[in-house]
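The values are calculated or read from the model by the stated rules, or taken from the named source; none is laboratory data. Values in this document were obtained by computation on a predicted structure and should not be read as measured data. Quick reminder, even Gly has a Cβ in these numbers, built from the backbone with ideal geometry, and neighbours come from all protein chains shown. To get the accessible areas, we keep the full protein, side chains included, count just its heavy atoms, and leave off ligands, DNA and RNA. Shrake-Rupley method; radii C 1.70, N 1.55, O 1.52, S 1.80 Å.
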Amino acid sequence: DALGDCHFVRSPLHRCGQTAGVYEAVIRSRGPEPPRCASDPALVEIDHASWHGLTVDELTGADREAAVAQRAGDLLAAPADGESTLDVLERAAEWLATLEAPGVCVAFGHGTFQNACEVVLRTYGDREPADVFTREPG
């Protein structure tokens, strides 16, 4: 079996299901049956809670200050009812610790969660976590 000990997992958000579905269809078109893609809430994007759907300019008071700080790389900044980047790093570390070897895990998630996994798994030398979580390319 070409997929061996491979398993697929995805965020429960609809867009990740769609992305996983595209990959499953391509694999299926080439012969092998892909593994069932399990939904795992640990892979969900950062929870911006009451900030969801709003721009920084639409926020006011302490929320606006915290959003500006988060965008500037403050790992502790968060909405009062949501997650900080540090919270996502902790969630990513906990999720990675659940993975069992041998085998390959193909995870369909979101940018902030992916960045958190990279910070946990890699050494960036002189790069601070805030540099990895930038919205600037490179």
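Only residues that are in contact with a Ser or Thr (Cβ under 9 Å, 6 or more places away or on another chain), among the aliphatic types (A, V, I, L, M) and open to solvent by 40 Å² or more (accessible area, probe 1.4 Å) were counted in region 68-104, giving 3. Suppose we filter R64, R28 for residues that are assigned to a helix (DSSP H, G or I), in contact with a helix residue (DSSP H, G or I) (Cβ under 7 Å, 6 or more places away or on another chain) and at negative phi; which single one remains? So the residue among R64, R28 that is assigned to a helix (DSSP H, G or I), in contact with a helix residue (DSSP H, G or I) (Cβ under 7 Å, 6 or more places away or on another chain) and at negative phi is R64. Return the total of residues in region 1-13 being over 13 Å from V104 (Cβ atoms) and either open to solvent by 30 Å² or more (accessible area, probe 1.4 Å) or part of a helix (DSSP H, G or I) (or both). Qualifying residue count for the region: 3.
Tell me, yes or no, whether region 18-27 has at least one residue that is among the polar types (S, T, N, Q), out of contact with any strand residue (DSSP E or B) (no Cβ under 9 Å at 6 or more places or on another chain) and more than 14 Å from F8 (Cα to Cα). Checked region 18-27: no residue is among the polar types (S, T, N, Q), out of contact with any strand residue (DSSP E or B) (no Cβ under 9 Å at 6 or more places or on another chain) and more than 14 Å from F8 (Cα to Cα). Tallying residues that are of a type outside the set (S, T, N, Q) and touching a residue at least 40 places away in the same chain (Cβ under 8 Å) within region 73-86 yields 3. Does region 14-67 hold any residues that are of a type in the set (A, V, I, L, M), over 16 Å from A77 (Cβ atoms) and open to solvent by 60 Å² or more (accessible area, probe 1.4 Å), and which are they? Selection gives V22, V26. Condition first: within 19 Å of Q114 (Cβ to Cβ), modelled with pLDDT under 95 and among the charged types (D, E, K, R). Can you find one or more residues in region 20-39 that meet it? Scanning region 20-39 turns up no residue that is within 19 Å of Q114 (Cβ to Cβ), modelled with pLDDT under 95 and among the charged types (D, E, K, R). Being polar (S, T, N, Q) and modelled with pLDDT of 95 or more holds for only one residue in T98, T60, and it is T60.
Just to verify a result, which residue in region 31-55, among those that are among the small types (G, A, S) and part of a helix (DSSP H, G or I), is farthest from A80 (Cα to Cα)?
Quick first cut of region 31-55, residues among the small types (G, A, S) only: 31, 38-39, 42, 49-50, 53.
Filter again for part of a helix (DSSP H, G or I), leaving 42, 49-50.
On the way: A42: 20, A49: 8, S50: 8 Å.
Among residues in region 31-55 that are among the small types (G, A, S) and part of a helix (DSSP H, G or I), the one farthest from A80 (Cα to Cα) is A42.
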